[in-house]
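Engineer: Quick one: structure below, then a few questions.
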Protein chains: 4
Amino acid sequence: MAAPVRVLVWGENRHEQLEEHVRKIYPDGMHTTIAEGIRERLDDRAEVRTTTLDEPDHGLTEQVLAETDVLVWWGHAAHGEVSDTVVERVHQHVLSGLGLLVLHSGHWSKIFGRLMGTTCTLRWRSEQDRELVWTVNPTHPIAQGVPNPIIIDAQEMYGEFFDIPVPDELIFISSFTGGEVFRSGCTFRRGHGKIFFFSPGDQDYPVYHHRDVRTVIANGVEWARPEVERELPTLLRYETGEFHRGHDYTGPIQEPAE
Amino acid sequence: MAAPVRVLVWGENRHEQLEEHVRKIYPDGMHTTIAEGIRERLDDRAEVRTTTLDEPDHGLTEQVLAETDVLVWWGHAAHGEVSDTVVERVHQHVLSGLGLLVLHSGHWSKIFGRLMGTTCTLRWRSEQDRELVWTVNPTHPIAQGVPNPIIIDAQEMYGEFFDIPVPDELIFISSFTGGEVFRSGCTFRRGHGKIFFFSPGDQDYPVYHHRDVRTVIANGVEWARPEVERELPTLLRYETGEFHRGHDYTGPIQEPAE
Amino acid sequence: MAAPVRVLVWGENRHEQLEEHVRKIYPDGMHTTIAEGIRERLDDRAEVRTTTLDEPDHGLTEQVLAETDVLVWWGHAAHGEVSDTVVERVHQHVLSGLGLLVLHSGHWSKIFGRLMGTTCTLRWRSEQDRELVWTVNPTHPIAQGVPNPIIIDAQEMYGEFFDIPVPDELIFISSFTGGEVFRSGCTFRRGHGKIFFFSPGDQDYPVYHHRDVRTVIANGVEWARPEVERELPTLLRYETGEFHRGHDYTGPIQEPAE
Amino acid sequence: MAAPVRVLVWGENRHEQLEEHVRKIYPDGMHTTIAEGIRERLDDRAEVRTTTLDEPDHGLTEQVLAETDVLVWWGHAAHGEVSDTVVERVHQHVLSGLGLLVLHSGHWSKIFGRLMGTTCTLRWRSEQDRELVWTVNPTHPIAQGVPNPIIIDAQEMYGEFFDIPVPDELIFISSFTGGEVFRSGCTFRRGHGKIFFFSPGDQDYPVYHHRDVRTVIANGVEWARPEVERELPTLLRYETGEFHRGHDYTGPIQEPAE
């Protein structure tokens, strides 16, 4: 049997400290609730840890990342406080094979923007809209085990135009009471890493206690698990007929000249 | 009739200064030859200018970019010398609607990496391989007017795995004498901008004098031309029922809280 | 200047004859109203004709199709009455380069099913839902000139899961008062033909009088116009080094054996 | 642990009977060799059976299909002899969830054409070209465990333009000695079924004895395995607010009218 997938849930953990109403919904922090949901679904198929922004290096040292298969990211109020060094480190790990789940307001995190190359902006409103999450890719592993649609009684509205690259796979489209729609479940392959963006989930609503949302996140974790040994794609020179062994790049003008 | 498309060809212009054999092929600089090819094909449907790395601001001031519809980028030896400020400026313009053609070794330019979010590495060899450029999307406007395949007698080899996001549209696949293959013509939409990557073209070979290569580049320019008024996608709040007028974002915790 | 695009609007024309309330909305038939909308938008850039199911050969003879650039299809109650011979003829023309717009209930037409290879089923309800048509691909030519969202006050609901292949380009996603969502604007390239499916439009509602719907249909016509000479893709043998001239296929076992 | 995947390898089995040189390479029929390769790789994770064209119903009765998870299809010389009734039956099963692998010359089988909606033509030559199979999607499960490129010493050439819909995922691109390229590994989702087309493999060459080809086919089988209970997508009416239970369609004009 396959080894358990090593999951790290990263939480910004600011709303929980600053806002009483958030603390009521997520008394141990949102990251803890998200981690519980993954454990509940994957059981001994996963080893789930958590860390937060306020840890040294935001809890994302080289060693921690090397020992993580899938990183789950929730941030919102403090995207700007995430250090560029850490973002660069995570970026390199994702391109090398680290799986990444970006949740909800993580759409505006530095790491998601870096990977997408776009503004990742959208339209929004926090007025207790009902969100319906519709499956448009019913045979995708991430869509298994949930009804079509998933019904979330109260949620923040996220609407189009969502400025992302066209997803490799569009799995879910949400609608909201107000009539807006949103591409709420999207996969992207970048380098050797697999990325799943899933928008349901907000600090003001108990969305991470929702059974179907938990199932989707757990499915996403299993899907994003690396298929290959972690390795950054590298530019190499290959002699004619030498298909499987390349040479290091030595610069654009020196010999052998590219 | 539509106004002429305003094209700016950006050339690094270093090989031409440093290497005699390049100067022989491109006596007035590669950017000049590329610009000639576009003029030759589009005639009065285009206004084509050039600029180079050594100009102040690399010739890419805010005003110049605002007056450009499509930017064509050729760089190789000096990617690292392009200032981050200029890259950021070009990035914002592309997301706002500026069309961008990235040619050949521009795969490793800062601007392409920023837009793609990946390493953009590949395998390569400069040994005079013949390149055949095969059309796999025969009804795409960029593929019109060229034979299938385009035959380029001598070229640098670029091979897979090419670490880019899955293109929105794959138009050309190249093969090389040595047997390698490469996704050589790819489109990407990012924000309000359209991007066309086309790999044939190298300082050591007279590829930008090739009639079919010129046709493809000119087609790419016409395709990448902006459809909409230049405007950066922006995060806005929309009240229920207020579909067409949004409000500026005022931060994650202040009222109204996101 | 380019020659006018030759458009043929095909109407089933049954509801208009059988149902008084439809005749009130579309007194000259839905096909006539659709054709008017295209003429209104494209003016002298298009030559627009109409034909209907009850014509000999349903008005779709070999000659008529050969003289058409883009065929617009509206059918609903009588899909089964369309002869397989005519469907086969239209199919061959689309694969050879004829542009095709499939509107609304045409999702269940024989020709659309033949081209998609799937059931093309969906969920539906006709209860005067408001339909909002959201743009998710703002730089696509088909999305130009319409607000985001388009507001259609009353429409039949079409919802997911819509059993189609993943579209080459997803341009519009609709929501309905009841909360359903639908991929309402999709492009597909098949053979040498371009296909645009656009779902707004129903016999019970005056949708083809809606200005934005008319704009989208006209944009679709211009987009679907053939880029290449009409020719069916054909299996050919090519000798080594003979890239541009192939030989007819002579069967799987005879010499030269495949 | 998951139940073994039930695989059925369908062989046309004509070349083996008619041509001595094919019988030498595949003495028990190509289907037997293909089946052996899958058993070798998946061991007790698969139950692999074979059947052929000459069986009653071509060995593809309703019951056999109902007891199959993944169907592997090899045909070439006798596509026309496959009965339309059986093709229709397989088509319905694929849309309901049956996994399908189409190998090599199966590109021109009735079932592949029915699912794709295009001509599925290509360019070809049988002159012992070397085929190199390059991975362009290194994190896809189907690409695991094989070198990049796979080297096949002698093969029939299949080249572009290959008239298929744009694949949902492009995994492999092949090149041939003569310089042609081909999209040789492609996935498609249709209805509830997953389809993998893989072109290496021909009756004149021992390709199905090749270790890497066997790995890819076995990977494909595991990938194509159904995720959901077999069920044909069906058009249903849903009342407002009734998201999870639909009503049978009762026709276009009767009440309730669509």
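Engineer: Say we join alpha carbon atoms closer than 10 Å with springs in a Gaussian network model of chain A; which of A:Pro141, A:Pro226, A:Pro56 then has the biggest fluctuation?
Structural biologist: Answer for the Gaussian network model of chain A: A:Pro56.
Engineer: Assume the label is 7 Å from Cα along Cα to beta carbon: what separations in nm does A:Arg6 have to the matching positions in the other copies?
Structural biologist: 4.0, 5.4, 6.7
Engineer: To the nearest whole number, what is the average tally of beta carbon atoms from other chains within 10 Å of the beta carbons of peptide B:134-142?
Structural biologist: 6
Engineer: Run the dipole for the protein assembly as shown about the Cα centre, Lys and Arg Cβ at +1, Asp and Glu Cβ at -1, nothing else charged, and hand back the magnitude in debye, nearest 20.
Structural biologist: Computed charge dipole of the protein assembly as shown: roughly 0 debye.
Engineer: Same structure, new question: Looking at the range B:93-205, what % of the alpha carbon pairs are farther apart than 19 Å?
Structural biologist: Within the range B:93-205, distances greater than 19 Å cover 43 percent of Cα pairs.
Engineer: What is the total of Lys pairs in the protein assembly as shown with C-alpha atoms under 25 Å apart, excluding same-chain pairs fewer than 8 positions apart?
Structural biologist: Total qualifying Lys-Lys pairs in the protein assembly as shown comes to 14.
Engineer: Below 8 Å between Cα atoms, with a sequence gap of 6+, how large is the relative contact order for the range B:172-247 in percent?
Structural biologist: Relative contact order comes out at 21 percent.
Engineer: Here's another thing I want to ask about it. Please sort A:198-207, C:14-23 by packing, taking for each peptide the average over its residues of neighbouring beta carbons within 10 angstrom, highest first.
Structural biologist: A:198-207, C:14-23
Engineer: log₁₀ I(q)/I(0) of the range B:21-95 at q = 0.11, 0.13, 0.26 Å⁻¹, via Debye over equal Cα point scatterers, no solvent, to two decimals?
Structural biologist: Each listed q corresponds, in turn, to -0.32, -0.44, -1.34.
Engineer: Additional query: So who's got an amide H within less than 5 Å of the one on C:Ala154, skipping anything under 5 residues away but keeping other chains? H placed 1.01 Å off N, in plane.
Structural biologist: C:Glu131
Engineer: Let me ask something else about it. Looking at chain C only, what percent of DSSP beta bridges run antiparallel? Nearest 5 please.
Structural biologist: Percentage antiparallel, nearest 5: 55.
Engineer: Specify whether the C-alpha gyration tensor of the range D:74-150 places it in the rounded, prolate or oblate class, a ≥ b ≥ c being the square roots of the eigenvalues: rounded for a/c under 1.5, otherwise prolate if a/b is larger than b/c and oblate if not.
Structural biologist: oblate
Engineer: Next question, about the same structure. Search the structure for amide H atoms under 5 Å from the amide H of D:Val48, placed 1.01 Å from N in the peptide plane, and list their residues when 5 or more places away or on another chain.
Structural biologist: Amide H neighbours of D:Val48, under 5 Å, 5+ apart: D:Val7.
Engineer: Now, a different point. So what is the relative contact order for the range B:1-124, in percent, with contacts set as C-alpha pairs under 8 Å and at least six apart?
Structural biologist: The normalised contact order for the range B:1-124 reaches 27 percent.
Engineer: What translational diffusion coefficient, to the nearest whole µm²/s, does the range C:160-252 have by Stokes-Einstein, given a Kirkwood radius computed over alpha-carbon pairs, a temperature of 25 °C and 0.890 mPa s viscosity?
Structural biologist: Calculated translational D: 147 µm²/s.
Engineer: Considering only the label points, 7 Å along Cα→Cβ from Cα, what distances in nm to one decimal separate B:Glu67 from the same position in each other copy, shortest first?
Structural biologist: 5.1, 5.9, 7.8
Engineer: Among C:Val64, C:Val94, C:Val48, whose mean-square fluctuation peaks in a Gaussian network model of chain C (Cα, cutoff 10 Å)?
Structural biologist: Its mean-square fluctuation being the largest, the pick is C:Val64.
Engineer: Please report the carbon-and-sulfur percent of the accessible area for the range D:1-120; probe 1.4 Å, protein heavy atoms only, DNA, RNA and ligands left out.
Structural biologist: Ligands and nucleic acids excluded, carbon and sulfur give 49 percent.
Engineer: Rounded to a whole number of µm²/s, how large is the Stokes-Einstein D of the range C:1-150 at 37 °C and 0.692 mPa s, given Rh as the Kirkwood radius over C-alpha pairs?
Structural biologist: The Stokes-Einstein estimate is 195 µm²/s.
Engineer: Let me ask something additional. Could you give, in nm with one decimal, how far D:Glu81 is from each other copy of that position, shortest first, with labels 7 Å out from Cα toward Cβ?
Structural biologist: Between copies, matching label points for D:Glu81 lie 4.2, 7.0, 7.4 nm apart.
Engineer: Specify the angular offset, from 0 to 90 degrees and rounded to the nearest 10, of the alpha carbon long axis of helix C:211-224 from the longest principal axis of the alpha carbons in chain C.
Structural biologist: So the helix axis and the longest Cα principal axis differ by about 0 degrees.
Engineer: Continuing with this model, one more query. Counting heavy atoms of the protein chains only and a 1.4 Å probe, report the per residue accessible area for the range C:1-116 as a whole number of Å².
Structural biologist: 38
Engineer: Using only the alpha carbons of chain A, determine the length spanned along each of the three principal axes and report them from longest to shortest in whole angstroms.
Structural biologist: Principal-axis extents of chain A (Cα, largest first): 64, 40, 39 Å.
Engineer: Computed on protein heavy atoms with a 1.4 Å probe, what is the summed buried accessible area for the chain pair C and B, in Å² to the nearest 100?
Structural biologist: Approximately 1800 Å² gets buried when C meets B.
Engineer: Taking loop as defined by DSSP and a crowding limit of 13 other beta carbons within 10 Å, which GluC sites (Glu not before Pro) in the range C:198-232 fit?
Structural biologist: Taking the range C:198-232 and a limit of 13 other Cβ atoms within 10 Å, the loop GluC sites (Glu not before Pro) found are C:Glu229, C:Glu231.
Engineer: Per residue of B:9-20, count partner chain C-beta atoms within 10 Å of its C-beta, then hand back the mean as an integer.
Structural biologist: Rounded to a whole number, the mean comes out at 1.
Engineer: In degrees, nearest 10, range 0 to 90: what is the angle between the Cα axis of helix D:84-96 and the longest Cα principal axis of chain D?
Structural biologist: With rounding to tens, the tilt is 70 degrees.
Engineer: Still on this structure: Would you please report the Å³ per residue occupied by the convex hull of the alpha carbon atoms in the range B:120-167?
Structural biologist: Convex hull of Cα atoms, per residue: 86 Å³.
Engineer: Run the accessible area of the range C:127-258 with a 1.4 Å probe and give the carbon-and-sulfur part as a rounded percent.
Structural biologist: About 49 percent, which is the carbon plus sulfur part of the accessible surface.
Engineer: If you don't mind, there's one more thing I want to ask. Hey, got a sec? Which trypsin sites (Lys or Arg not before Pro) in the range D:170-258 land in a DSSP loop and have at most 14 other Cβ atoms within 10 Å?
Structural biologist: Here the trypsin sites (Lys or Arg not before Pro) that fit, given the DSSP loop and packing criteria, are D:Arg245.
Engineer: How crowded by other chains is D:239-252, given as the mean number of beta carbons from other chains within 10 Å of each beta carbon?
Structural biologist: Neighbouring Cβ atoms belonging to other protein chains average 4 per residue here.
Engineer: To the nearest 10 degrees, how steeply does helix A:30-42 sit against the main Cα axis of chain A, on a 0 to 90 scale?
Structural biologist: 80
Engineer: Ok, one more. In debye, nearest 20, what is the charge dipole magnitude of the range A:165-258 about its Cα centre with +1 on Lys and Arg Cβ and -1 on Asp and Glu Cβ, if you could check?
Structural biologist: In debye, rounded to 20, the range A:165-258 gives about 340.
Engineer: Additional query: In square nanometres, what is one fourth of the surface area of the convex hull spanned by the alpha carbons of the protein assembly as shown?
Structural biologist: Seen from a random direction, the Cα hull of the protein assembly as shown projects 38.8 nm² on average.
Engineer: Give me the Kirkwood hydrodynamic radius of the range C:152-210 in Å, from all C-alpha pairs, to one decimal place?
Structural biologist: Roughly 12.5 Å, rounded to one decimal.
Engineer: Pick from C:Val166, C:Val221, C:Val86: which is most flexible by mean-square fluctuation in a GNM of chain C where alpha carbon atoms under 10 Å apart are linked?
Structural biologist: Ranking C:Val166, C:Val221, C:Val86 by mean-square fluctuation puts C:Val166 first.
The values are calculated or read from the model by the stated rules, or taken from the named source; none is laboratory data. Keep in mind that this is a model prediction, so the values were computed, not measured. Positions of Cβ are generated from backbone atoms using ideal geometry, with glycine treated the same way; all protein chains shown enter the neighbour counts. The protein model used for the area step is the full one, side chains on, heavy atoms only, and it has no ligands, DNA or RNA in it. Shrake-Rupley method; radii C 1.70, N 1.55, O 1.52, S 1.80 Å.
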